[in-house]
C-alpha cells in the first residue's frame, strides 16, 4: 500500500507559523542543539561511528521528509530488514533526544515568563497573580466568597499508567540536567561548586545513555507505588505547602472577615494501590503497602525538617526570652548539654514524640529517630500544636523572621499532609460489588438470590441492612476467593483510616455505576469492615461513596441516579453526616471510547449541568471529580482552559482530577514546573468558582440545543466507523500495537477488564495509546468533522452560529482547541504505514479511507469555524514543540512498524520485543500526552 494522502503538518500551516517569531525561540533551539550535540557525541563514543552515522542519516532524512524533499517511503527503506541489535541504539538515541527536548522546552517556558515579568507586562492568564487582578476587579463581597469557598479543595490525583515506565535513575538524571540548563539560562558557565556546566551535562547525558530506559520485567504495583510517591520529595513536599500558604494569605487579605481556607485548599490524592477495577494485582497487602509507604514519606520529611530546625534554632536562654508554653514543652527533654537551649530542647521533645509515633504506625522506620521514651502523637493536630508553641514563642520574642522560614514550611506541611501524605482512593467495578454483596446476603440468610431482585427491592433490602449494626458474616464464614479478597481489601482500608487518620482513604469510587443499588452495595462493604455506622446518633461515614458515571448513557442518567439515591432516607442521612456534601466522578475515557470526542465532551457538559441542578434541588454541596487522562481523547488538554470551560456552578470552589502517565512527569517532576502547574489549577478553580466565565448569557439555551444536535451527529458518525463497520476491531488490532501493549511488560494492569476482543471491554488507556502510537489519534477528533459539515450545510447562516460560539463560549473554543492540538500530532502519512500491517486489503481500504476522509473534513471545518489556517494558531508553545521535535519522531514510528511486522511473523528474538517497547516509550515521551 502506498503512503496515501499525507495530511501531516506542513500543509496546515504549523511550519509557516513557527517561522514567525524565530528570534524569540532561538535560545530554545540553541539549547536543543547543545543537548543534541552532546547526545550525538555520546552515541558515537559509546556505540561507534556506524551507529552514530545511522542515527544522523535518519535525522537528516526525517527533516527532508518534513520539507517534502523526499517521500517518507525512502526513509522507511532505511530500516527495512535492520537487525534488532542495530535498531535498539537508534531507538534509544531518538527517545533520549525527545527527553532532552522536553527539558529544553520547559526551560524555554521559564525563559519566556521571566522576559514577560522583566518587561513589566501584566501577569499571564493561568497565573494566580492574574487571577487576583480579576477577582479584585469583580468587587466580590465577603459573604459570596465565603459561601463559595466553604470546603474548598483542589486535588490532583496521581494514577498508575502503563506509558510512564521511566526508572528512577532516568527520572533523577533528567532533573539534574534540568538544573544545569537552568543555570545556563541565568548566564552561568559553572555550578556553585565550580564545575563546568557543559562537562557536567556530558557526564549526566552519558549516565542517561548507559542507563536502561525501561525494566526487562513487567512493572509491578509496588513499582508503580514507588513511582507515584517519588513526586513528593521531588516537588510536592516543598511546593504544595508554600502554595497553600500563599493562596490563603492572598485571599484572607482581600476578605479578612470571611474566615477563608481554614483547611489547606490544595491536597493531592492517589489511585495507585487502591484502584482494583479490572486489576487482580491489587490486594489487601498492596493497600497496606500504598498507605504505609505514603505515611512513611510524610513522616520521613518531618523528621528531616525537625532535624534541620534543631540545628538552626540554637538560641540561648541567656540571650532570648521564651514563652511559658515553650519552656514547659522543653522541660520534657532532660539533656544537660542542652540546658541553655530551650528551642532545641523543645524540638528534641517533638522529635522524640514523632519517633514514638512512627514506631507505632509505620511498617518501616525513617532516619533521624530519637527515642526519649515519650508518648506518641495521636493525631497530626497534636504535632501541629507543639510546632505552634515554637512558632508563637519565636514571634512573641522578636524572632518572627525565623518562624517564617523552615518552621512555617513544616507547619504548613503537617496541615496539608498529616500522617497520611495523600488520600488513597478505593475503586472497584459495580459488577464485582453486586456479586460479592449477593454472596454475603445469601451466606447470612438475608436473601438467597439478591441478583434476581428488581431495583426497588434491592434498594429497600440494602437500606435496611445499612440501618443496622449487625454484620453479615463472622470470622468463620465460608466465602469465595473473590468475596474474601474484596473484604480483606476493605479491611486494609479500614486499618489505614484507623492508623493514619480519616483522610488516608477518603473515597470509595464505583466504576460503571448505573443505579442506586450500585451505590448502596459499596456502602454495605464499607459497613462490613467498620467504615460505616448509620445507627449512631451521628452516623460514622469517613469514606465517601462516589458514583462514577462513564458511558454516554450513564452520564445522561447520572443526575436522576443521584437524586434517587438522595431520596433514600438512609443514604440522605449518610450524606448529611458528611456536611451534606456529595462527590460524583465523571469518566472522560470510557465516554469517549463509547461515543467519540464531541459526543463525549457534550455528554459530560450536559451531565454537569444536570448534576448542578440536582444539587440545588436537593440542597447538597456537589463536588465533581474529573477522570481525565493525559491525552485529549481521554479528557486531557490544558488544565486552565478545561476548568474554565466547565458549566456554571460545576466547580464551586472544589475540583478533583486525575493526573496520568507522561503528563505527571511533565507537570510535577521538579519544583518550579510543579509550582506553575499547581498554581494553574488553583487559578482556574478560583475563577470558575467566583466569576462568570461561561459567557453565553441568555443565549445559553440555544447554544445547548445546537450542541445537542452536533453531538448526536458526531456520535452517529463515530459509531458508524467504530461499532458498525464490519471488521473494524480486526483493523484496529492489526494496524496499532494494542496487542503488544498487553503482551509486553508495560504496566501492572491488564489491557482489558475481562478476557475479550470487544472495544467496550478494552481499557481506555490502551485504546488511546494504540491510536497515538500509530499517529492516527482517532479518539481526539473522529466524527466531529462530519457533524460540523452536515449541520452547517443544511441551512444558511449556521456556519456563522458556530463561529460566534467559538468566539464567545469557552467550552466550545476549548473543544476545538484541544481537538486541533491532537490533530496537529496526527499524521496520516505515518498512519498509512501502520495500515500496511493489515493483511486484508479490502478491510484496510474500507477503514483507512474513512479515517483519512474524516481527518481532511475535520481540518477543513476547523479552519472554517475558527478562521485559522494553522491548527496551532492559538497555541504557539505547542507549535514550537511540533516544529522542533516531530521530525525526530519519524524514525521511531518507522522502526516500530518494522519491528511489529517481525514480532507478528513469529520472530522470538527478545531484542525485537524490547525494541517495540522502547519505541512505545520514546513516542510517549515525545508526544507528552499520548495515553
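The values are calculated or read from the model by the stated rules, or taken from the named source; none is laboratory data. In this text, all values refer to a predicted model and were calculated from it rather than measured experimentally. For neighbour counting, all protein chains shown are included, and Cβ atoms are generated from backbone atoms with ideal geometry for every residue, glycine included.
Among the listed residues 849, 796, which satisfies the condition of being assigned by TED's automatic domain parsing to the domain that holds residue 710, farther than 23 Å from residue 638 by Cα and not in a helix (DSSP H, G or I)?
Being assigned by TED's automatic domain parsing to the domain that holds residue 710, farther than 23 Å from residue 638 by Cα and not in a helix (DSSP H, G or I) holds for just one of 849, 796, which is 796.
Tally up the residues in region 359-391 that are in contact (Cβ under 8 Å) with a residue 60 or more places away in the chain and in contact with a helix residue (DSSP H, G or I) (Cβ under 7 Å, 6 or more places away or on another chain), please.
Qualifying residue count for the region: 12.
Being modelled with pLDDT of 95 or more and either more than 30 Å from residue 95 (Cα to Cα) or assigned to a helix (DSSP H, G or I) (or both) is the requirement here; does residue 202 meet it?
Criteria met by residue 202.
Could you list, ordered by first residue, the pairs with Cβ atoms under 7 Å in which the first is in region 393-410 and outside any helix (DSSP H, G or I) and the second is buried (at least 19 other Cβ atoms within 10 Å of the Cβ), at least 6 apart or interchain?
Final answer for the pair search is 397/322.
Please enumerate the residues belonging to region 478-495 that are under 13 Å from residue 435 (Cα atoms) and not in a helix (DSSP H, G or I).
Those that are under 13 Å from residue 435 (Cα atoms) and not in a helix (DSSP H, G or I): 479, 480.
Test residue 345 against the stated conditions and say whether it is within 16 Å of residue 326 (Cβ to Cβ), without any contact (Cβ under 8 Å) to a residue 24 or more places away in the chain and in contact with a helix residue (DSSP H, G or I) (Cβ under 6 Å, 6 or more places away or on another chain).
So residue 345 fits the description; yes.
Quick check on residue 472: is it more than 36 Å from the chain's Cα centre (by Cα), assigned to a helix (DSSP H, G or I) and in contact (Cβ under 8 Å) with a residue 24 or more places away in the chain?
Spelling it out, it is not the case that residue 472 is more than 36 Å from the chain's Cα centre (by Cα), assigned to a helix (DSSP H, G or I) and in contact (Cβ under 8 Å) with a residue 24 or more places away in the chain.
Given region 216-322, what helices (runs of 4 or more DSSP H) lie entirely inside it while holding 3 or more residues that are touching a helix residue (DSSP H, G or I) at 6+ places or on another chain (Cβ under 8 Å), surrounded by fewer than 23 Cβ atoms within 10 Å (Cβ to Cβ) and modelled with pLDDT of 95 or more? It would help to see each step written out before you state the result.
Working: elements: 221-229, 237-254, 284-312.
Result: 237-254, 284-312.
Does residue 85 qualify as being exposed (fewer than 13 other Cβ atoms within 10 Å of the Cβ), over 22 Å from residue 180 (Cα atoms) and modelled with pLDDT of 90 or more? Walk me through how you get there before you give the answer.
Details: exposed (fewer than 13 other Cβ atoms within 10 Å of the Cβ): yes; over 22 Å from residue 180 (Cα atoms): yes; modelled with pLDDT of 90 or more: yes.
Spelling it out, residue 85 is indeed exposed (fewer than 13 other Cβ atoms within 10 Å of the Cβ), over 22 Å from residue 180 (Cα atoms) and modelled with pLDDT of 90 or more.
Based on this model, can you work out whether residue 595 counts as closer than 29 Å to residue 765 by Cβ, in contact (Cβ under 8 Å) with a residue 24 or more places away in the chain, buried (at least 24 other Cβ atoms within 10 Å of the Cβ) and more than 22 Å from the chain's Cα centre (by Cα)?
Yes, satisfied.
Going by the conditions given, is residue 584 in a helix (DSSP H, G or I) and modelled with pLDDT of 95 or more?
No, not satisfied.
For region 791-843, give me each residue that is farther than 30 Å from residue 692 by Cβ and surrounded by fewer than 18 Cβ atoms within 10 Å (Cβ to Cβ).
793, 794, 795, 796, 839, 840, 841, 842
Pairs, please: C-beta under 8 Å, at least 6 apart or cross-chain, first residue over 28 Å from residue 288 (Cα atoms) and in region 505-517, second in a loop (DSSP other than H, G, I, E, B)?
Correct list of pairs: 516/568.
Mind checking which residues of region 54-71 are more than 35 Å from the chain's Cα centre (by Cα) and in a helix (DSSP H, G or I)?
Selection gives 54, 56, 57, 60, 61, 64.
From the list 691, 686, pick out the single residue that is under 20 Å from residue 251 (Cα atoms) and modelled with pLDDT of 95 or more.
On the way: 691 fails: modelled with pLDDT of 95 or more.
Exactly one of 691, 686 is under 20 Å from residue 251 (Cα atoms) and modelled with pLDDT of 95 or more, namely 686.
If you take the residues in region 861-888 that are in a loop (DSSP other than H, G, I, E, B) and more than 24 Å from the chain's Cα centre (by Cα), which one is modelled with the lowest pLDDT?
Selected residue: 873.
Identify all residues within region 97-153 that are assigned to a loop (DSSP other than H, G, I, E, B) and surrounded by 14 or more Cβ atoms within 10 Å (Cβ to Cβ); write none if there are none. So that I can check it myself, show each step before the final result.
Initially, region 97-153 is screened for residues assigned to a loop (DSSP other than H, G, I, E, B), giving 119-127, 139-141, 149-152.
Once the filter is applied, which keeps residues that are assigned to a loop (DSSP other than H, G, I, E, B) and surrounded by 14 or more Cβ atoms within 10 Å (Cβ to Cβ), region 97-153 yields 123, 125, 126, 127, 140, 149, 150, 151, 152.
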